[in-house]
Amino acid sequence: MYKNFLTILFSSLLFSSIVLAEKVTVFDFTEGEFKTLQVKKVKGETTWRLGSNEKGNFIKAEAEGKGSGLGKEVKIDLSKTPFINITWKVEKDLSGINEKTKKGHDYAARVFVIKKTGSTMLSNRAINYVFSSNQNVDENWRSPYTKKSVDYVLSTTKENLDTWVTVKANVKDHFKKFHDLDVVDLTGVAIMTDTDNSKLKAISYYQNIYFSEE
């Protein structure tokens, strides 16, 4: 199945302002926000549930032979806050798959950062920050579905299975390095848990996703 979620997620967004702050929270994971998030299905739909712990709200994702994402319209000024910060956990991973191939291109947890660079949906560029089940931290490669998206490993279950992990990445630098783009602002952020290619089951959690100046 051809999967081009990255290039269609935010194909027709309209924005009225740019967020300017030293810290910009992307998702609150509240009941109110949950109803407004855009759902993009790849095959079937990931089960999303809200929860909370001593660190605040989170969303739990479960997928078995399915895949969908939750996206949010947001403009992040990367000249002010270039770093994405993610707290996440993978309870059940997808061990044994080759994530660099179409057949194995599934992730128990991933966060997309997207830049709309033209008038059509095919012009989007993306960095796909992933919680890999088989690769090492800082490994990266072009998506097997589109050269306009790069998969970049920020966490791996080889080191942290069923453990909350907080990670950080310089999005502005990565768009320059991988897409040769001097991106001033992003046009969208999304989370996704998918197993539509491998047909396996994944369980993961997302919490406290925000951008910071350092």
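Every number here is computed from the coordinates shown, using simple stated rules; none is lab data. On a predicted model such as this, the values are computed, not experimentally measured, just so you know. Neighbour counts run over all protein chains shown; Cβ positions are idealised from the backbone, glycine included.
The ranking of Arg110, Arg142 by Cβ neighbour count inside 10 Å, starting from the fewest, reads Arg142, Arg110.
Distance from the Cα centroid of segment 39-112 to that of segment 132-170 is 11 Å (rounded to whole angstrom).
Per-residue ellipticity at 222 nm, computed for the chain from helices alone with -39500 (n - 2.57) per DSSP H run of at least four residues, works out to -1500 deg cm²/dmol.
Taking 13 Å as the straight-line reach from the Cα of Lys148, the aspartates and glutamates in range (excluding those fewer than 8 positions away in the same chain) are Asp180. In this structure the amide hydrogen of Phe27, modeled in the peptide plane, comes within under 5 Å of the amide hydrogens of Ile209, none closer than 5 places in sequence on its chain. For the chain, DSSP calls about 90 percent of its internal beta bridges antiparallel. Relative contact order of segment 19-212, taken over Cα pairs closer than 8 Å and 6 or more residues apart, is 36 percent. For the chain, modelled as a Gaussian network with Cα springs under 10 Å, which listed residue fluctuates most, Glu22, Glu91, Glu73? Per the Cα network of the chain with a 10 Å cutoff, Glu22 tops the list.
Along the axis of the charge dipole computed for the chain (Cβ charges of +1 for Lys and Arg, -1 for Asp and Glu, origin at the Cα centre), the listed residues Ser95, Phe34, Ser123 are led at the positive end by Ser123.
For Rg/Rh (Cα atoms, Kirkwood Rh), which listed value, [x] 0.92; [y] 0.94; [z] 0.98, comes from the coordinates shown? This structure yields the entry labelled [x].
By the gyration tensor of its Cα atoms, with a ≥ b ≥ c the square roots of the eigenvalues, what is the shape of segment 54-126: rounded for a/c under 1.5, prolate for a/b over b/c, or oblate? Here segment 54-126 falls in the oblate category.
Across the cross-link table entries Lys115/Lys147; Lys35/Lys158; Lys66/Lys92; Lys23/Lys116; Lys60/Lys172; Lys60/Lys176, which are compared at the Cα atoms, the separations over 25 Å belong to Lys35/Lys158; Lys60/Lys172; Lys60/Lys176.
Relative contact order of segment 42-137, taken over Cα pairs closer than 8 Å and 6 or more residues apart, is 19 percent. Neighbour counts of other Cβ atoms within 10 Å put Trp141, Trp88 in the fewest-to-most order Trp141, Trp88.
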